[in-house]
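J.: Here you go, one structure.
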Amino acid sequence: LYKLMIRYTTFVLLADRADRGINCSADLGALVEGLKHSSDGKWGRTCMGMIRLCREKLGPESVVFGFLDSLGTAEVGELESFSRAIVKDRDFRQGHGYVEDATQYQGAFETYLPGIKRLLGTLAPLAKYPLIRPVQVLQHCEGECVFDSKVLVGADTIFEPWRMHSNCVPELVCQLVSVDGKRRLSLHPWLHLDRCETCQREMVFLFHAVSG
């Protein structure tokens, strides 16, 4: 769950930063470049760095401005401290053959559960943005395009359709939609809707690296 939240948030902010033409600092840029084969600790640091950068540089024109505006400086600091602590403990417990009894793991779970709940609560506004994948253009005439999208939400892979309108033909990739429904942010190539080779059901795949 930690990995999913951190990676999804990082990919969304990387996409929004690129869409608005915002450059990273040298240190943050080095972290981003190293995400192809990075540890969870580096993912966490990159995510918090991207949150700080986007909060500072992106305004209301950002697709996810509402999410960024909901975060406070102290709140981001608390999340970063929790991220470092849980990754450090996870690395220790998943070392070379390290095994504890069930009560020890239960204790660790209870220790970090409040922090996980805070992380979920803080990132929850980002999950409220509709995630779609346009699938069929129905009409494109006189500057108006009508198309159907699949709304990628929930565990049920029978994704609900959403008829949408735009002034241009949409890319057939996973996209995040602004609260007002007027703007879209491409999450290609990090999120991808495809069929699982094993069960042949449509699923949303979240890549574990910036590229590759």
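Values quoted throughout were computed directly from the atomic coordinates according to the rules given, and no laboratory measurement underlies them. The structure displayed is predicted, hence computed values, not measured ones. Quick reminder, even Gly has a Cβ in these numbers, built from the backbone with ideal geometry, and neighbours come from all protein chains shown.
J.: Relative to the first principal axis of the alpha-carbon coordinates of the chain, what is the inclination of helix 2-20, with its axis defined by its Cα atoms, in degrees from 0 to 90 and to the nearest 10?
T.: 40
J.: Here's another thing I want to ask about it. If Lys and Arg each add +1 and Asp and Glu each add -1, what is the summed charge of the other residues whose beta carbon sits under 15 Å from the beta carbon of VAL63?
T.: Taking every Cβ under 15 Å from that of VAL63, the sum is +2.
J.: Taking the Kirkwood radius as the inverse of the mean 1/r across Cα pairs, report the Rg/Rh of the chain. Don't jump to the answer; show the numbers that get you there.
T.: Values: Rg = 19.0 Å, Rh = 18.9 Å.
Using Cα coordinates only, the ratio equals 1.00.
J.: Then there is this: Working from Cα positions, state the angle (0 to 90°, nearest 10) between the long axis of helix 73-93 and the longest principal axis of the chain.
T.: Roughly 60 degrees between the two axes.
J.: Rounded to the nearest 500 deg cm²/dmol, what is the calculated helix-only ellipticity per residue at 222 nm for the chain, with -39500 (n - 2.57) per DSSP H run of length n ≥ 4?
T.: Taken over the chain, the calculation gives -15000 deg cm²/dmol.
J.: Ok, one more. Which whole-Hz ³J(HN,Hα) couplings does the stretch 108-121 yield from phi under the Karplus relation 6.51 cos²θ - 1.76 cosθ + 1.60, θ = phi - 60°, glycine and proline marked x?
T.: Each residue's phi maps through the Karplus curve to give 5, 4, 5, 5, 8, 4, x, x, 5, 5, 5, 4, 4, x Hz.
J.: What's the longest bit of the chain with no exposed GluC sites (Glu not before Pro), using DSSP loop states and at most 15 other Cβ atoms within 10 Å as the test?
T.: The longest such stretch corresponds to 1-60.
J.: Additional query: If you split all Cα-Cα distances of the stretch 29-140 into 5 Å bins from zero, what percentages do you get per bin, shortest first?
T.: Percent of pairs per bin, in order: 2, 9, 15, 17, 17, 14, 10, 7, 5, 2, 1, 1, 0.
J.: I would also like to ask the following. Per residue of the stretch 133-145, in order, report the coupling 6.51 cos²θ - 1.76 cosθ + 1.60 (Karplus, θ = phi - 60°) as ³J(HN,Hα) in whole Hz, putting x for Gly and Pro.
T.: 9, x, 10, 7, 8, 8, 7, 9, 8, 6, x, 10, 10
J.: Oh, and also: On a 0 to 90 degree scale, rounded to 10, what angle separates helix 40-57 from the longest Cα axis of the chain?
T.: Tilt relative to the chain: about 50 degrees.
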